[in-house]
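Student: Structure incoming, see below.
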Amino acid sequence: MSSVPRAAGVAWLALDEVPSTNAEAMRRAVAGETGPLYIRAERQTAGRGRSGRSWMTPAGNLALSRLGLLNCAPEAVPQLSLVTGLAVHRACRDLLDGAAAADVLRLKWPNDLMLGDAKLAGVLVEATMVRGQRVAVIGIGINVATAPEVVGRRTTALVDATRRTIDAGDVAERVAAHLEAVLAQWDNGNGFAAILEDWLRVATPFGTAICIKTGQGEIGGAFAGLDSDGALLLQREGRELQRFAYGDVTLASEEEMS
């Protein structure tokens, strides 16, 4: 495993326990902080995932949020989920170096990192305007030491794949270093095309059976990639490609094993 990289030009805040690192970051943004600031908590008691799902972080796992300013068009903000996912994948891949599990480390649209059929990490991006400036809070949760139970979903932890103790602080440093690099490449949306190519290389394989849940119900089909804006493309048998800008995706293999 390589030495732990360090992100330059960022501030850090370490907390013992907090209801939500994202909520703490947003509170600081409203108070005038602009970052880039990383907030890490040893324990998170009321974290949130997409669609309002709870995401608890016991000691030993990683709850991390990044506060920073954005200078991108509003329509580019959703790209941050893919940008961050790519950075988290790279950080976890570093830690799985040499482990057989590294070959099944895959990104699932829009914000999950999967190890096989089990969720390893998730991302939640929130953006708002503060005093005329667009602020983004990027929340990252990684199961490092333990895999919390989630109803209807399989979960796993880094230690399950590596069979060795991993320090959540080191994981945070790796994630931050990779995230700063990918954000620089993204360049407020100007470099998204290259990010998209890299994301697809480590994503759910094309043709994988998936189900997407939206406000209009659930639709099954085959994963057909993403369009140039990062929206999901779904291939249904005998039909044209369908585009989804928002939704929760489940792999068919997840459903079979839940």
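Student: Can you tell me which residues in the stretch 193-212 are more than 23 Å from Ala91 (Cβ to Cβ) and touching a helix residue (DSSP H, G or I) at 6+ places or on another chain (Cβ under 9 Å)?
Tutor: Correct list: Phe206, Thr208, Ala209, Ile210, Cys211.
Student: Mind checking which helices (runs of 4 or more DSSP H) fall wholly inside the stretch 102-219 and carry at least 1 residues that are under 20 Å from Asp248 (Cβ atoms)?
Tutor: 192-201
Student: Now, a different point. Sort out which residues of the stretch 190-216 are without any contact (Cβ under 8 Å) to a residue 60 or more places away in the chain and of a type in the set (A, V, I, L, M, F, W, C), and write them in order of number.
Tutor: Scanning the stretch 190-216 gives Ala193, Ala194, Leu200, Phe206, Ala209, Ile210, Cys211, Ile212.
Student: A further question follows. Go over the candidates Val175, Val151 one by one and state the one that is surrounded by 13 or more Cβ atoms within 10 Å (Cβ to Cβ) and in the same structural domain as Pro78 (by TED's automatic domain parsing).
Tutor: Exactly one of Val175, Val151 is surrounded by 13 or more Cβ atoms within 10 Å (Cβ to Cβ) and in the same structural domain as Pro78 (by TED's automatic domain parsing), namely Val175.
Student: Going through the stretch 84-101 one residue at a time, which ones are over 20 Å from Ala181 (Cα atoms) and in a helix (DSSP H, G or I)?
Tutor: Scanning the stretch 84-101 gives Ala100, Ala101.
Student: For residues that are more than 19 Å from Ala176 (Cα to Cα) and in a strand (DSSP E or B), tally how many sit in the stretch 23-48.
Tutor: Looking only at that region, the number is 4.
Student: Same structure, new question: Could you please find all residues in the stretch 132-150 being without any contact (Cβ under 8 Å) to a residue 12 or more places away in the chain and of a type outside the set (Asp, Glu)?
Tutor: Hit for the stretch 132-150 is Gly132, nothing else.
Student: Any idea which of Val77, Val104, Val83, Val88 is modelled with pLDDT under 95 and either assigned by TED's automatic domain parsing to the domain that holds Ala193 or over 16 Å from Thr204 (Cα atoms) (or both)?
Tutor: Val104
The values are calculated or read from the model by the stated rules, or taken from the named source; none is laboratory data. Values in this document were obtained by computation on a predicted structure and should not be read as measured data. Counting neighbours? That spans all protein chains shown, and the Cβs are built from the backbone with ideal geometry, glycine included.
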